[in-house]
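Bear in mind these aren't lab numbers, they're just calculated from the coordinates by the rules spelled out. This is a predicted model, so every value here is computed, not measured. Note that each Cβ is placed from the backbone with ideal geometry, even for glycine, and that neighbours are counted across all protein chains shown.
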């Protein structure tokens, strides 16, 4: 059974996407299959062809999740001027460069041009909204709606309000993302990198360390994860996994008996550095592995696998 959880309650609404790169185009594909009208604003003179190519690669996976084919030409438009792009938007999804000064100036323009009731959301993976809103008159309007890449497939959206964000706006953002099929979670406190990327950074640091030290190769490391932790965490997550690992005694038993050796292992975790030698090693190994394949070929394979996981988990949930 497909994992479609969208209710199409936002069909007919208009979303302005600021920045048409990989994240922006992925968002565009998801919004389009949910019946929204999408305006992409980006200064790149070739943005239309780039977005069309990225969406063409994304749409088959969305159909495999249960979405119907969509008339892209009728519902997708482009506008280079940010103010004009947001003038009639119900939702603004910002996907611009990860530069605080850029975002600060951008939100000043968007706030002045967008309707007063428009949701203002940043896709930023690292910059809290409280850093972005410094030039806004009404700072209660802005929050982060951070997707996990690629947004058209990965269910998670981290909704991160600031201490000044109106709780009603946070509730509207959560409702919107859930309405287009996402698992939207409110992050209770602003921390750099939020939650998912902090976990990813910790795992990637140890991954780089193990490859740099010659313990495993780059593709072996990926094989270790996809054949163990990837499967485990896709079904249970770290805490539930260890709760089950504690047997009938659960997490309390695990913490008591297996917690000490786990804690002792923390001091052996590596402190990797992305210096020139390490980067050269990673890139060299990449070239001898899947680096020879094109971005689109690798993305297609990734999408097929992720759709299989998402649909498989949905089948289990529907059956239980």
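Below is a table of values for the structure above.
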quantity: Two-site label geometry, residue 5 and residue 293: point separation in nm, points 7 Å out along Cα→Cβ; calculated: 2.7 nm
quantity: Most fluctuating residue given options 198, 141, 281, as computed from a GNM of the chain linking Cα atoms under 10 Å; calculated: 281
quantity: Angle in degrees between helix 196-212 and the longest Cα principal axis of the chain, rounded to the nearest 10; calculated: 50 degrees
quantity: Antiparallel content of DSSP bridges confined to the chain, in %, to 5; calculated: 20 percent
quantity: Angle in degrees between helix 295-319 and the longest Cα principal axis of the chain, rounded to the nearest 10; calculated: 80 degrees
quantity: Angle between the chain longest axis and helix 167-179 axis [Cα atoms, degrees, rounded to 10]; calculated: 80 degrees
quantity: Base-10 log of normalised Debye intensity for the range 14-186 (one unit scatterer per alpha-carbon) at q = 0.15, 0.16, 0.20 Å⁻¹; calculated: -0.76, -0.87, -1.40
quantity: The chain, relative contact order [Cα under 8 Å, separation at least 6], %; calculated: 17 percent
quantity: GNM flexibility winner over the chain from 217, 130, 122 (Cα, springs under 10 Å); calculated: 217
quantity: The chain: most fluctuating residue of 184, 201, 85 per GNM, C-alpha cutoff 10 Å; calculated: 201
quantity: Stretchable slack from residue 185 to residue 241, in nm (0.36 nm times residue separation minus alpha-carbon distance); calculated: 18.1 nm
quantity: Share, in percent, of DSSP beta bridges within the range 14-186 that are antiparallel, nearest 5; calculated: 20 percent
quantity: Structure-based [θ]222 nm, the chain - -39500 (n - 2.57) summed over DSSP H runs of at least 4, per residue, nearest 500; calculated: -15500 deg cm²/dmol
quantity: Prolate/oblate/rounded call for the range 84-196, Cα gyration tensor, a/c under 1.5 rounded; calculated: rounded
quantity: Beta bridge orientation in the range 129-185: antiparallel %, DSSP, nearest 5; calculated: 60 percent
quantity: Gain on full stretching of the segment that runs from residue 233 to residue 88 - 0.36 nm per residue minus C-alpha separation; calculated: 48.1 nm
quantity: Footprinting exposure proxy for 233, 107 (fewest neighbouring C-beta atoms within 10 Å first); calculated: 233, 107
quantity: Estimated inter-spin distance, residue 134 and residue 276, nm [label 7 Å along Cα→Cβ]; calculated: 3.4 nm
quantity: Pairwise FRET efficiency - residue 104 versus residue 44, Cβ, R0 = 22 Å, nearest 0.05; calculated: 0.55
quantity: Two-site label geometry, residue 258 and residue 222: point separation in nm, points 7 Å out along Cα→Cβ; calculated: 2.9 nm
